[in-house]
Amino acid sequence: MGIRDRHTTVANHALLVDRGPARQLAEWAEQLASETVLLEQALLARPALAKRLGLPAPVLRALRQVQNYDPGHHVRLMRFDFHPTDAGWAVSEVNSDVPGGFADAGVLPKLAATYFTGYAPGEDMARHMLEASRPKAGGNTVAFVHATS
């Protein structure tokens, strides 16, 4: 049975990214994460502005819940989706509420690397999450649920 005979849920092709662009995408993701947190803090400091911007009621409620976020005690997850376009790389969304991209960012690159010589998977996202969570877990067990479907 060939790849065309199977039902794929991701794609029939792998996107291979050289180290330079991969580093650039990682840098942009870190910058976007920092800017997102700064924007949240600015909106928390000025709730009237958040309402004036026309943000939906569920977003306004979520912003009020963010007030207890402490980077020293919590681990924050944001995954940005970048796509190659004719005009260069574009970001389409940030996922900060679901772990669905871990397979895309961790398992699939390792699998693809077995088929493409000269390419290696990037950072291990699960390892980074474990390392970020461990000191905040206070010696407790940390478990990850991997949403694969």
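The values are calculated or read from the model by the stated rules, or taken from the named source; none is laboratory data. Computed from a predicted structure; not experimentally measured. Cβ placement follows ideal geometry from the backbone for every residue including glycine, while neighbour counts extend to all protein chains displayed. Side chains included, ligands, DNA and RNA excluded: accessible areas come from the protein's heavy atoms. Shrake-Rupley method; radii C 1.70, N 1.55, O 1.52, S 1.80 Å.
Under 13 Å from a label point set 7 Å out along the Cα-to-Cβ vector of LYS136, the amide N atoms of the range 55-84 belong to 68-78.
With both labels modelled 7 Å from their Cα along Cα-to-Cβ, the GLU40 to LEU111 distance reads 3.1 nm.
What part of the accessible area of the range 13-132, given as a whole %, is carbon or sulfur when the probe is 1.4 angstrom? Please list the in-between numbers first.
Working: 5050 of 8780 Å².
Here carbon and sulfur together make up 58 percent of the probe-accessible area.
Shown is the FRET efficiency for ARG64 and VAL91, computed with R0 = 35 Å from the Cβ-Cβ distance and rounded to the nearest 0.05: 0.85.
Applying 1/(1 + (r/R0)^6) with R0 = 41 Å to the Cβ-Cβ distance of ASP124 and ALA48, what FRET efficiency is obtained, to the nearest 0.05?
On the way: r = 43 Å, r/R0 = 1.04.
E between ASP124 and ALA48, to the nearest 0.05, is 0.45.
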